[in-house]
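A short write-up of the structure that comes next.
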Amino acid sequence: MLIAMTSAKGAPGVTTAALALALSWPRRTVLAELDPAGGDVLAGYGRGEVSAGGLAELELAARRGGPARHLEAHLLQLDAGGRVRLLPGLADPIGARHVDWHRLAGALAAVDGGTTDALADCGRLGAEHFPRDAVRRAAAVIVVTGSSLRAVRAATHAVAALKAESAAGAGTGPLAAVVVAAGDPYGEREIGDALGVPVLGALPRDDKAASVLSDGAPAGRFFPQSALLRAAREVAARVAEFAARHEALLSPPAEVPAPAPLIGHGHGR
């Protein structure tokens, strides 16, 4: 199951939100950095201690058999338990023009035979070489927005653009939003009314915990119980449920075998 996350101009960074949700996801998950502007997780959360080609190397390997065949070899473990893996993004944004987003989206939607979910950090909507095929293939599309007037206004335009594409036949998964720092000044209900899509929860402004994810600051033993991670667990569960409901609607119903004929029916001895 693939979930695409994106943001509008002026919104909080979607990468930190996507990473928080991935680390809190209720099932095994892959965080895929599809932002055409480049990937940040290795340099931030990973503190630059791991060097990997990620998406760029996968695209080269995919010329021999497609990305699904090579995806596993390009995933890095993000947690001690191995439940969360990362597909590192592009080191050089110029490489975005060469990525086959369509085939990559298909591979991410079927990671581990569909037993693992994929969260795709698609970056800012409307950016050059935006991974639109990931948005079209996703079981759900999550718009990350702040709660200021400027952020909500930009998110409103982004949602309208996505709805227009869907109406024109381009197709997208169902839309929803996640708010960063709700109540500054607008609340979740007001933002949901303005966007015309459900708000699945809010992530607090927690600078100390966010710096662990964005810049590799020391986590400390209380990091898992930080306000950001506690909220992320609740939001991740809601997003997963929202996407799973739509994925179930897309899946064809299982065929029910026809009843076997009654042998000898209507014939006496």
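Key figures
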{"read-out": "Spans of strands (runs of 3 or more DSSP E) in the range 21-125 with at least 1 residues small (G, A, S)", "value": "29-33, 117-124"}
{"read-out": "Selection count, the range 110-122, where residues are surrounded by 24 or more Cβ atoms within 10 Å (Cβ to Cβ) and either farther than 17 Å from P88 by Cα or of a type in the set (A, V, I, L, M, F, W, C) (or both)", "value": "4"}
{"read-out": "The lone exception for A56 - which of (1) within 26 Å of F242 (Cβ to Cβ); (2) buried (at least 18 other Cβ atoms within 10 Å of the Cβ) it fails", "value": "(1)"}
{"read-out": "Verdict on V197 being open to solvent by less than 40 Å² (accessible area, probe 1.4 Å), in a loop (DSSP other than H, G, I, E, B), farther than 30 Å from R47 by Cβ and at pLDDT 95 or above", "value": "yes"}
{"read-out": "Residues of the range 39-75 satisfying the condition of being of a type in the set (K, R) and in contact (Cβ under 8 Å) with a residue 40 or more places away in the chain", "value": "R47"}
{"read-out": "Residue count for the range 200-225, restricted to those that are open to solvent by less than 100 Å² (accessible area, probe 1.4 Å) and over 15 Å from V180 (Cβ atoms)", "value": "7"}
{"read-out": "Count of residues meeting criterion [within 19 Å of E247 (Cα to Cα), open to solvent by less than 60 Å² (accessible area, probe 1.4 Å) and not small (G, A, S)] in the range 85-108", "value": "2"}
{"read-out": "Enumeration of residues in the range 137-176 that are among the hydrophobic types (A, V, I, L, M, F, W, C), open to solvent by less than 50 Å² (accessible area, probe 1.4 Å) and assigned to a loop (DSSP other than H, G, I, E, B)", "value": "A138, A139, A170"}
{"read-out": "One residue from T116, T145 being at pLDDT 95 or above, out of contact with any Phe, Trp or Tyr (no Cβ under 6 Å at 6 or more places or on another chain), of a type in the set (S, T, Y) and farther than 23 Å from V84 by Cβ", "value": "T145"}
{"read-out": "Whichever residue in the range 17-37 is open to solvent by 40 Å² or more (accessible area, probe 1.4 Å) and modelled with pLDDT of 95 or more and, among such residues, is farthest from D184 (Cα to Cα)", "value": "R28"}
{"read-out": "Residue match in the range 123-132 (condition: open to solvent by 10 Å² or more (accessible area, probe 1.4 Å), within 15 Å of H74 (Cβ to Cβ) and more than 14 Å from the chain's Cα centre (by Cα))", "value": "no"}
{"read-out": "Pairs with Cβ under 6 Å, 6+ apart, first in the range 211-240 and within 13 Å of L21 (Cα to Cα) and charged (D, E, K, R), second open to solvent by less than 30 Å² (accessible area, probe 1.4 Å) and assigned to a helix (DSSP H, G or I)", "value": "none"}
{"read-out": "Options P174, P185, P131; residue that is under 19 Å from L58 (Cα atoms) and of a type outside the set (D, E, K, R)", "value": "P131"}
{"read-out": "Contacts under 7 angstrom Cβ, first residue in the range 21-38 being more than 14 Å from L78 (Cα to Cα), partner of a type in the set (F, W, Y), 6 or more apart", "value": "P36/F130"}
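The values are calculated or read from the model by the stated rules, or taken from the named source; none is laboratory data. These numbers were taken from a predicted model, which means no experiment stands behind them. Ideal geometry is used to build each Cβ from the backbone, glycine not excepted, and the neighbour counts take in all protein chains shown. Side chains included, ligands, DNA and RNA excluded: accessible areas come from the protein's heavy atoms. Shrake-Rupley method; radii C 1.70, N 1.55, O 1.52, S 1.80 Å.
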